[in-house]
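Reading through the structure tokens given below for one structure.
Every number here is computed from the coordinates shown, using simple stated rules; none is lab data. Keep in mind that what you see is a predicted model, and the values were worked out from it rather than measured. Every residue, glycine among them, receives a Cβ derived from its backbone with ideal geometry; neighbour counts consider all protein chains shown.
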Amino acid sequence: MNSFFARKFVIQGIFVTIAIIIAIRLFYIQVIDKSYLLSANNNVLRKVVVYPARGVVYDRNGKVLVQNEPVYDLLVTPIEAKEIDTALLCQLIDIDLEGFQTRIKKARSHSPYRPSIFEKQLSATTYAQLQEHLYKFRGFYVQNRTVRSYPDSIAPQLLGYIQEVNDKDIERSEGFYRPGDYIGASGIERSYEELLRGQRGVKNQMVDALNRPKGSFMDGQYDTLAVAGEGLVSTIDRDLQVLAEKLMKNKMGSVVAIEPATGEILTFVSAPSYDPNMMVGRQRGNNYMKLLRDETRPMFIRPIQASYPPGSVFKVVAALTAQQAGVIDEKTIFYCPGGYRYGGGRAIMRCTHVDGATSLVKSIQTSCNTYYGYTYARMIDSRGMSAPKAYDLWRAALGKFGLGRTLGIDLPGEKPGLIPTSDFYTKRYGNDKWRSGFNISLSIGQGEMGITPLQMANIMAIVANRGFYYRPHLVKAIGEKGIVKDEFKEKISAGVDAKYYEPVIEGMSRAVNIPGGTGYRVRVPGIEMCGKTGTAQNPHGENHAVFFAFAPRENPKIAIAVFVENAGYGGTWAGPIVNMLVEKYLKDTISLPQYIQDRIFNANFLPELQEKEEQQVSARTSHGEKPVGRSASEISATEPRRELYVHHSQLRKEHP
């Protein structure tokens, strides 16, 4: 009996203990640990990702260059998508039945139980139509987000665009990005991605059995807020950029303008261009392929990726480095009979005119080839060392001006241009006994030399500053605190003493402001602009028009380089563009005669349009009509050239 009662109490004790444990556990689950409550409600909760607005980009004067506009992604959870009006949904979002089935299949393969994107970037109008009927489509819901918008449709190559992340982006981010996120793909969108992107948030939303929102769960207690990205103040002057793009319409080339005192880029034009809004919206993919197939390569960033022989404007660098090396000075005079003879007098590098006795100042003013043939010969042949060693010293001096190397602009994809080493010529000629005559075309910025338009503009900034520059950049300030990166505050020497700049600057001033100067026709009233024309030879077609300048002479505010491919003379085509941009920036006016403005605005050097014009002229002449506009011979002289300086690419392969 006693044994029976003992067992009874033990069993009762066990049950009581279990009951107490269960009660405590229930209290913990229901009162203390809210995660169980959240888990229990998962079947009526929807986790909505709240995407942050990317940082807005302004111009240097506070005008908006890039902003955000709302779009809507339609998401679907395949397991819940049953008994819906497929035809109505297709009509509302403008897809066909095949497209619907393809999207559902893709979502199901991703996960039948997890939501995935069914259709991206619905416009506000489409969303408004869909919202009225959304309750009819069980398993479907809409997620808000923003995309980029470009109010002025300018500067796509520098601003860049965003795109959906791929697997490599996700892997590199160590899990920060998730499928469906967007990332900067080019331009400053890419360079400043970590600042612009912001931080995602999450909103827990209650829904009913019909998938209709019923308010926030627990009054948003478990929500996390999205943090908007940092805003950027660009160095670009919006009004100057708009004018520069208009001037470069139907042309191929670049415009780069820099503020010498800071390295801030005022204008950055790569032509032909495109509307950056093409890279936004549901047609983005089609537009992207269209741009890739365009033979004029509008997505190619010419100011930092195109490499050209600079032509006569290189004489500015040649004069400065030769003075620093001590092979010439301000009083050095060479006689120009109309060309420079080399190779024992058997070959000649011609000048465009007979200059006679020519000083350093005059050589810049009249752009004398002969003067720089003699100067280069002294640099390479007369320094008491082998030509290859002297050449390497000359090349190193060019490197201090930023030639043959990247300048470090805050854009991805910058190219260094090309200044071949002595080893390249030793390999080409089979020994190291070559002399200046073997590559004399380098003396006037031709031959194998290649310089980017950004480097060209930076040369003018160096001259304007009398010997130094700040690294060219496109972002002036970051965030509300206006932070400036330290690397853009560094003062970089070009390796030439300030005293050697004055005769060069005097020659540049005379070239523009004195009758007979190569750039006299594009002088700016009331402003002493110092400039240099150039006509870069192009073995593949019409010469390239080049013009460098800075203004005013004292306390310079702008340094600029304009390069127009296949246009001809620098003073005829690039010079007027510089004139208008400089005067617009400094005086907010343009005084160049209207007929010259019209000629520049209306000029067309695009290959495709030239082909069509040639065909139209041919058709008219075959019917006995006279050509209208340019003559047939003029059209023949400007045949389309689709690829420039192929030999530079070959040089890079042979000699990186």
Query - Diffusion constant of region 43-152 at 4 °C, which comes from Stokes-Einstein with the Kirkwood Cα-pair radius and 1.567 mPa s, µm²/s - result: 84
Query - Prolate/oblate/rounded call for region 493-605, Cα gyration tensor, a/c under 1.5 rounded - result: oblate
Report task. Label region 281-426 by shape, choosing from rounded, prolate and oblate, from the square roots a ≥ b ≥ c of the eigenvalues of the Cα gyration tensor; if a/c is under 1.5 it is rounded, and otherwise prolate applies when a/b is larger than b/c, oblate when it is not. Result -> prolate
Query raised in the report: Which value, in debye to the nearest 20, describes the size of the charge dipole of region 253-368 about its Cα centre when Lys and Arg Cβ atoms bear +1, Asp and Glu Cβ atoms bear -1, and nothing else is charged?
Result: 480
Report summary line: By the Kirkwood definition, with r running over pairs of different Cα atoms, region 46-234 has a hydrodynamic radius in Å of 18.1
Query raised in the report: So which GluC sites (Glu not before Pro) in region 418-505 end up in coil per DSSP with only 13 or fewer other C-beta atoms within 10 Å?
Result: E480, E490
Query raised in the report: In Å and whole numbers, how far do the C-alpha atoms of the chain stretch along each principal axis, longest first?
Result: 135, 74, 53
Query raised in the report: Hey, can you rank 347-359, 311-323, 274-286, 575-587 by average C-beta count inside 10 Å, highest first?
Result: 311-323, 575-587, 274-286, 347-359
Query raised in the report: Which whole-Hz couplings ³J(HN,Hα) result when phi for each residue of region 392-409 is put into the Karplus expression 6.51 cos²θ - 1.76 cosθ + 1.60, θ = phi - 60°, listed in order with x for Gly and Pro?
Result: 5, 5, 4, 5, 5, 5, 5, x, 5, 8, x, 8, x, 8, 6, 8, x, 4
Report summary line: Quick note, region 134-202: a/c under 1.5 would make it rounded; otherwise a/b > b/c is prolate and the rest oblate (a ≥ b ≥ c, C-alpha gyration tensor); here it is oblate
**Report entry** Between helix 575-587 and the chain: long-axis angle, C-alpha atoms, 0 to 90°, nearest 10
**Finding:** 60
Query - Percent RCO, i.e. relative contact order, over the chain, from Cα pairs under 8 Å lying at least 6 residues apart - result: 13
Query raised in the report: Based only on Cα atoms, what Rg/Rh ratio does region 380-478 have, Rh being taken as Kirkwood's radius?
Result: 1.05
Report task. Averaging sequence separations of C-alpha pairs under 8 Å and six or more residues apart, then dividing by the length of region 46-234, give the relative contact order as a whole percent. Result -> 34
Report task. Over region 525-599, calculate the relative contact order: mean separation of alpha carbon pairs under 8 Å at least 6 apart, over the residue count, as a percent. Result -> 26
**Report entry** Residue pairs, from the table K491/K557; K557/K584; K331/K557; K315/K532; K106/K203, whose Cα atoms sit over 20 Å apart
**Finding:** K331/K557; K106/K203
Query raised in the report: Dipole size in debye (nearest 20) for the chain around its Cα centre, Lys and Arg Cβ +1, Asp and Glu Cβ -1?
Result: 1000
Query raised in the report: Applying 1/(1 + (r/R0)^6) with R0 = 35 Å to the Cβ-Cβ distance of K106 and N602, what FRET efficiency is obtained, to the nearest 0.05?
Result: 0.10
Report task. Please list the non-local residues whose amide H lies under 5 Å from the amide H of Y308, H modeled 1.01 Å from N, same-chain partners needing a gap of 5 or more. Result -> I451, T452
Query raised in the report: What is the dipole size for region 343-459, taken about its Cα centre, with +1 at each Lys and Arg Cβ and -1 at each Asp and Glu Cβ, in debye to the nearest 20?
Result: 340
